[in-house]
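Colleague: I am attaching a structure below and will ask some questions about it afterwards.
No value in this document is a laboratory result; all are computed from the given coordinates. Note that the structure is a prediction, hence the values are computed from the model and not measured. Cβ: placed from backbone, ideal geometry, glycine included. Neighbour counts: every protein chain shown.
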Amino acid sequence: MSAAAAATITAPEFRAAGTDLSERRRSGVSRGPIVDLAATPDTIGITWAADGAARIGALTSIAAIASDARIAQAYPGIAAAAQGLATPQIRQLATLGGNLAQRSRCWYFRNPQIGCLKKGGTDCPARTGNHLYHVAFDLGPCVAPHPSTMAMALLAYDARITTDRRSGLSITDLLGDGSNGTADNLLGSGERIQRIELAAPLAGERALYKRAISRTHAEWPLVEVCVRAVISGGTFEQVDIAAGGIAPVPLRLAACEAALKGKPTDAETVARAAELATSGAKPLPMTGYKLDLLKGLVRDVVERLAG
């Protein structure tokens, strides 16, 4: 076996619920020391500022976010994303911080007998191998899509992240731009996510989340979309669109946003904007189908918001 194929993750890893870490340790991909995280008032629960802004501790469970009535009212896209991911059992344990910092779900990364960039290897075996569920926006040497649904939804809301070392980080600051194929995030060694901060909702804003999956339950999405919008007088005053499952990091669909902002909410406008969802796409030989899924999801979600 080559050195790259034999490489494993040996640096200390944090464990909150351990829903991802436990799987990696069972397979032998992760075998280093573990640092257990204890909840503190600053890292668990949801608190609200006087202006309606929310602060969510990194150790807050996905289930707690999914079931919180005030989150559903103020940030419906985030609530719906939390409700849609994984299974009820996993949502009950999995934490927001863990979802943001989870490792790649690529089957080559998860195979302890195969080397890859994220395990110290020199190349991405998925690029020339089976990449049916991988990226349609080829942004860097690794072609595995980022697995965090919550990161995608938080990107649509311009969320800010605080760690034990830094504050005011955007989702892009946390995850990068997709050009670094060796890491799933830009956290430093031993750096821990502490909380996520959301600005107060805009007056009259609404949001929807939708995913396309290959099975009915408990599947990572092929493509997922979260759209926020402020609509007034039949016009899109503000539109924010984020997509996941299509790139090494969640993406904002800037061309779509620009095509909708200030425009009427009619079907023709929405259809034209949806066609721009794939601007900048570079699909792999097996992932071109994701472009049709992306355009269809964007059109469906925006039409429903406008309707």
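Colleague: At 222 nm, what value in deg cm²/dmol follows for the chain if DSSP H runs of at least 4 each add -39500 (n - 2.57) and the sum is divided by all its residues, to the nearest 500?
Modeller: On the way: 13 runs with 95 residues, N = 307.
Computed mean residue ellipticity for the chain: -8000 deg cm²/dmol.
Colleague: Suppose the chain between Leu202 and Ser232 were pulled fully straight at 0.36 nm per residue; how much longer would it get relative to their current alpha carbon spacing?
Modeller: Details: separation 30, 0.36 × 30 = 10.80 nm, distance 1.24 nm.
Value of the extension gain: 9.6 nm.
Colleague: Let me ask something else. Roughly speaking, what is the centre-to-centre gap between the range 108-161 and the range 214-244 when only Cα atoms are used, to the nearest Å?
Modeller: 21 Å
Colleague: Sticking with this one: Could you count how many Lys pairs in the chain have their Cα atoms under 16 Å apart, skipping same-chain pairs fewer than 8 positions apart? Mind showing how you got there, number by number?
Modeller: On the way: Lys210/Lys290; Lys210/Lys295; Lys282/Lys290; Lys282/Lys295.
Lysine pairs satisfying the spacing and distance rule in the chain number 4.
Colleague: Starting from the Cα of Asp42, move 7 Å in the Cα-to-Cβ direction to define the label point; list residues of the range 184-224 whose amide nitrogen is under 20 Å from there.
Modeller: Zone members listed by number: 187-199.
Colleague: May I pose another question? Of the DSSP beta bridges with both residues in the chain, give the percent that are antiparallel, rounding to the nearest 5. Kindly include the intermediate steps, with their values, before the conclusion.
Modeller: Values: 33 of 38 bridges.
Roughly 85 percent of the beta bridges in the chain run antiparallel, per DSSP.
Colleague: Among Arg299, Arg55, rank each residue by its count of other Cβ atoms within 10 Å, from fewest to most, as a rough exposure measure.
Modeller: Working: Arg299 20, Arg55 17.
Listing Arg299, Arg55 from fewest to most nearby Cβ atoms yields Arg55, Arg299.
Colleague: Mind sorting Lys210, Lys263 by how few other Cβ atoms lie within 10 Å of their own Cβ, fewest first? Intermediate results must be reported in sequence, preceding the final value.
Modeller: Details: Lys210 20, Lys263 17.
Exposure proxy ranking, most exposed first: Lys263, Lys210.
Colleague: Sort Ile196, Ile246 by Cβ crowding within 10 Å, fewest neighbours at the top. Numbers along the way, then the final one.
Modeller: Working: Ile196 28, Ile246 31.
Final ranking by Cβ density, sparse to dense: Ile196, Ile246.
Colleague: Moving on to the next point. Amide H to amide H, which residues 5 or more places from Glu13 or on other chains are under 5 Å from it, using H placed in the peptide plane?
Modeller: Ile34, Val35
Colleague: With semi-axes √(5λ) of the Cα gyration tensor in Å defined as stated, name the option among (i) 33, 28, 17; (ii) 31, 25, 15; (iii) 46, 23, 16 computed from the structure displayed.
Modeller: (ii)
Colleague: Output the DSSP H helices from the chain with an along-axis C-alpha extent of no less than 20 Å and a mean Kyte-Doolittle hydropathy no less than -1.0. Please list the in-between numbers first.
Modeller: Working: long enough: 289-306 (26 Å, 0.24).
Helices meeting the criterion: 289-306.
Colleague: If you don't mind, there's one more thing I want to ask. Go ahead and run the numbers for FRET between Asp177 and Thr122, Cβ-Cβ distance against an R0 of 22 Å, rounding to 0.05. Kindly include the intermediate steps, with their values, before the conclusion.
Modeller: Values: r = 22 Å, r/R0 = 0.98.
Plugging the Cβ-Cβ distance into 1/(1 + (r/R0)^6) gives 0.55.
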